[in-house]
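Asks: One structure coming up, written as structure tokens, with questions to follow.
The values are calculated or read from the model by the stated rules, or taken from the named source; none is laboratory data. Treat the numbers as computed from the prediction; the structure is a model and nothing was measured. Cβ placement follows ideal geometry from the backbone for every residue including glycine, while neighbour counts extend to all protein chains displayed. Heads up: the accessible areas ignore ligands, DNA and RNA and are worked out on the full protein's heavy atoms, side chains in. Shrake-Rupley method; radii C 1.70, N 1.55, O 1.52, S 1.80 Å.
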Amino acid sequence: NLDLSMVSPATAGVLLQLSCAAFATGAVNHFVREPYMDEIFHVRQAQAYCDGKFYDWDPKITTPPGLYLVAYTIARILALVFGQKLSSSSIFCSLQALRWYNTLLSAVCMVVTLALLRRLHGVDKPSKPNSRSPSDVVVHALCLSFFPPYFFCCSLFYTDVGSTAAVLLMILLCRRGFVVGCSIAGAVAILFRQTNAVWVCFAALDRVVSHFEKGTLLRRADLPAHVYQPVRLKHIPFTTYHFAIAVFTNIPSLLLELWSLVALVVAFILAVYFNGGVALGDRDNHVLALHLPQVCYFLGSTLMLQVSWGLTLRHALSILTRSLREAAWCGVGFAVAGSLAAVAVWKFTIVHPFLLADNRHYTFYIWRKLLNGLGGRGKYVAIPLYVVGLWAMQEQLSSSRAGMSRLRQLLLAGAITVVLVPSPLMEFRYYVTPFFVVYSYCIPGCAHGGGVAQLAQSLMINILVLGVFLFKPYQWPDGSSARFMW
């Protein structure tokens, strides 16, 4: 008989995530037998690789070949194991197999997420004050892995899962001090998606911040402790000033430590220059823009999809108490955040043609019925939601046990802004990696006391979205079948 007590919480968590993702993938493969949406391009490119056509490139594909290289590698290994010739017609390069490879990547992402959470929240150091139990970390990882837009992508041949796994691995390796390994993971992340170059910069600067907060970059006995680790918002300007001085006075030593990350970023910049742009293909529909409301959409959507994150009364009271301690500054902060959001929505809202034309995405209806509702005033009505989302996220980061100082919060906010703002298209998938990074530092409310509120919410949303996708297809005027999705 199997002794379930021998199964560790981490193993049980990975098996649960993989089982749910596998069930969803099996259902998708059964009911959706043709490539859907972006899968049309991704599958065609992966199968070209299976035929050995590595120099053929679909002009509609905008991202680098990381997904296809991983799929080709797995397919090649399986073909060798079973003694079969690999080609686009092989079962190992079929649409169904390619989806299964992505599901396998989701399990890899779950393992990496667990390792990162253990590092950030002190599970590897039980003697550390406020360290968390392994079971709490598993619940936390499951809350991340069942984030609805991400979980949906686990059953399709999309880049999101592999991209997220590579970014989290990069951050983990940097946190552990393996800078060269971090650079390799960063290169893999960029091969999945170009915007991950921003997360490479984040990982490098996060390393610099660690040195600054330990006092190894700027040794001055006359400076108060809050300069190195600001506790309140009013300390940030002084900290930022001294941080800049510390960086400029230690450039040689920092370059010596971070040379591989710097080289990776320089190589990416050169690649963009010689390519003539960030997107590899379909550039007419993927032009860089100054789309500031993207940050607002990220805050609003993550707040709504993760409303149970801080559901417990103790967690909510903790956040409220922290805010009341700085009531004046919080009031100013709310006013400034609301004003900035209003200006962003007023002057920088971009309505991409895809958003107006493609009624297969939920964003089509969110824009048409909500944000563009009330005679076009709906986008202004949503501003309080964005401000509350910012407040909740900032307070949860501040209450984190993962050493998320105000300076790190500022760095994280800058990275999210640079990742999201250049994209003119509102799409939930763009928020997946920023969500994982942010909420890796935050303790979910459901982890306080071992509840499953957030997991229950996410599972219900995932079941509903998957059910609509599978069982509620409809026809476009040209007779083709369409399905609702994120």
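Asks: Cβ neighbours within 10 Å, averaged per peptide: list 152-158, 50-56 in order, most packed at the top.
Replies: On the way: 152-158: 25.4, 50-56: 13.0.
Most protected by this proxy first, the peptides run 152-158, 50-56.
Asks: State to the nearest 20 debye the size of the charge dipole of segment 33-101 about its Cα centre, where the only charges are +1 on K and R beta carbons and -1 on D and E beta carbons.
Replies: Details: 7 positive and 6 negative charges, 36 e Å.
Approximately 180 debye in magnitude.
Asks: Return the calculated 222 nm mean residue ellipticity for the chain, to the nearest 500 deg cm²/dmol, obtained by summing -39500 (n - 2.57) across DSSP H runs with n ≥ 4 and dividing by the residue count.
Replies: Details: 23 runs with 311 residues, N = 486.
Estimated from H runs of four or more residues: -20500 deg cm²/dmol.
Asks: Let me ask something else. If I fit a long axis through the Cα atoms of helix 313-325 and take the longest principal axis of the Cα atoms of the chain, what angle between them do I get, 0 to 90°, rounded to 10?
Replies: 40 degrees
Asks: Still on this structure, I have one more. If I fit a long axis through the Cα atoms of helix 196-213 and take the longest principal axis of the Cα atoms of the chain, what angle between them do I get, 0 to 90°, rounded to 10?
Replies: Once rounded, one gets 20 degrees.
Asks: Any chance you could run the full-extension gain for TYR55 through LEU16? It's 0.36 nm times the residue separation minus the Cα-Cα distance, nm to one decimal. Write down the numbers at each step before the final one.
Replies: On the way: separation 39, 0.36 × 39 = 14.04 nm, distance 3.92 nm.
Taking TYR55 through LEU16 to full extension adds about 10.1 nm, to one decimal.
Asks: Could you go through segment 409-425 in sequence order and give the Karplus-derived ³J(HN,Hα) for each residue, using 6.51 cos²θ - 1.76 cosθ + 1.60 with θ = phi - 60°, rounded to whole Hz, and x for Gly and Pro?
Replies: Result, ordered by residue: 4, 5, 5, 5, 4, x, 5, 4, 4, 5, 5, 8, 4, x, 8, x, 9 Hz.
Asks: What are the ³J(HN,Hα) couplings of segment 137-142, residue after residue, when phi is run through the Karplus curve with 6.51, -1.76, 1.60 and θ = phi - 60°? Round to Hz, x for glycine and proline.
Replies: Ordered by residue, 3J(HN,Hα) equals 5, 5, 4, 4, 5, 5 Hz.
Asks: Compute the length gained on full extension between VAL180 and PHE31: take 0.36 nm times their separation in residues and subtract their Cα-Cα distance, giving the result in nm to one decimal. Mind dumping the intermediate values first?
Replies: Numbers: separation 149, 0.36 × 149 = 53.64 nm, distance 4.37 nm.
Separation in residues times 0.36 nm, less the Cα-Cα distance, equals 49.3 nm.
Asks: Could you let me know the centre-to-centre spacing of segment 90-108 and segment 20-67, using Cα atoms, in angstrom?
Replies: First find each Cα centre; the distance between them is then 9 Å.
Asks: Can you give the angle from 0 to 90° between the axis of helix 251-275 and the longest principal axis of the chain, with both taken from C-alpha atoms, to the nearest 10?
Replies: So the helix axis and the longest Cα principal axis differ by about 40 degrees.
Asks: Hey, another quick one. Using a probe radius of 1.4 Å on heavy atoms only, what accessible surface per residue do you get for the chain? Whole Å² is fine.
Replies: Details: 22210 Å² over 486 residues.
Result: 46 Å² per residue.
Asks: Tally up the carbon and sulfur contribution to the accessible surface of the chain as a whole percent, 1.4 Å probe, everything protein left in place. Please report the intermediate quantities before stating the final value.
Replies: Working: 15420 of 22210 Å².
Taking all protein chains in place, the chain shows 69 percent carbon and sulfur surface.
Asks: Using 7 Å Cα-to-Cβ label points, what is the SER399/ALA289 separation (nm, one decimal)?
Replies: Those two pseudo-labels are separated by 3.7 nm.
Asks: Could you work out the relative contact order of segment 32-145? I mean the mean sequence separation of Cα pairs under 8 Å and 6+ apart, divided by the number of residues, in percent. Before the final figure, lay out the partial values.
Replies: On the way: 85 pairs, mean separation 23.4, N = 114.
Once normalised by length, the contact order is 21 percent.
Asks: State, to one decimal in nm², a quarter of the convex hull surface area for the C-alpha atoms of segment 331-447, i.e. the direction-averaged projected area.
Replies: Values: hull surface 33.9 nm².
Directional mean of the projected Cα hull area for segment 331-447 stands at 8.5 nm².
Asks: Show me, for segment 336-348, the HN-Hα J-couplings you get by feeding each phi into the Karplus relation (A = 6.51, B = -1.76, C = 1.60, θ = phi - 60°), rounded to Hz, glycine and proline as x.
Replies: Computed from phi, the couplings for segment 336-348 are 5, 4, x, 5, 5, 5, 5, 5, 4, 5, 5, 9, 10 Hz.
Asks: Can you count the Lys pairs in the chain whose Cα atoms are under 23 Å apart, with each pair 8 or more apart or on different chains?
Replies: Values: LYS53/LYS85; LYS125/LYS214; LYS128/LYS214; LYS214/LYS234; LYS347/LYS369; LYS347/LYS379; LYS369/LYS379; LYS369/LYS472.
Counting lysine pairs in the chain gives 8.
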